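Enquirer: This structure is in structure tokens; I'll ask about it shortly.
The values are calculated or read from the model by the stated rules, or taken from the named source; none is laboratory data. In this text, all values refer to a predicted model and were calculated from it rather than measured experimentally. Here the Cβ positions follow ideal geometry from the backbone for every residue, glycine too, while neighbour counts run over all protein chains shown.
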């Protein structure tokens, strides 16, 4: 997964993660904990922190226009 993360804004982060992984010993280190820790750090670094606010704003503007009830329901379910 790390090989697909490229660019000047993430190069330092990727290098740090790779260096940490190279230092692990498969028997002495808790690989499952390390993997879960990586996933947590990855998610906190790269997820959209405004996702909930954007969805709420979109829900606020969502309105039904006859006869497109299916489109309205689809949009609502996608945002909710």
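Enquirer: Quick check on the range 1-14: of everything there that is in the same structural domain as residue 41 (by TED's automatic domain parsing) and within 13 Å of residue 38 (Cα to Cα), which residue is modelled with the highest pLDDT?
Expert: By that ranking, first place goes to 13.
Enquirer: Report every pair of residues separated by at least 6 positions or lying on different chains whose Cβ atoms are under 7 Å apart, first residue within the range 53-80 and surrounded by 11 or more Cβ atoms within 10 Å (Cβ to Cβ), second outside any helix (DSSP H, G or I).
Expert: Within 7 Å, the pairs are 72/64; 75/62; 76/62; 79/62.
Enquirer: For the range 23-80, please list each of the helices (runs of 4 or more DSSP H) lying entirely inside it that holds at least 3 residues being at negative phi and over 24 Å from the mean Cα position of the chain (by Cα).
Expert: 69-79
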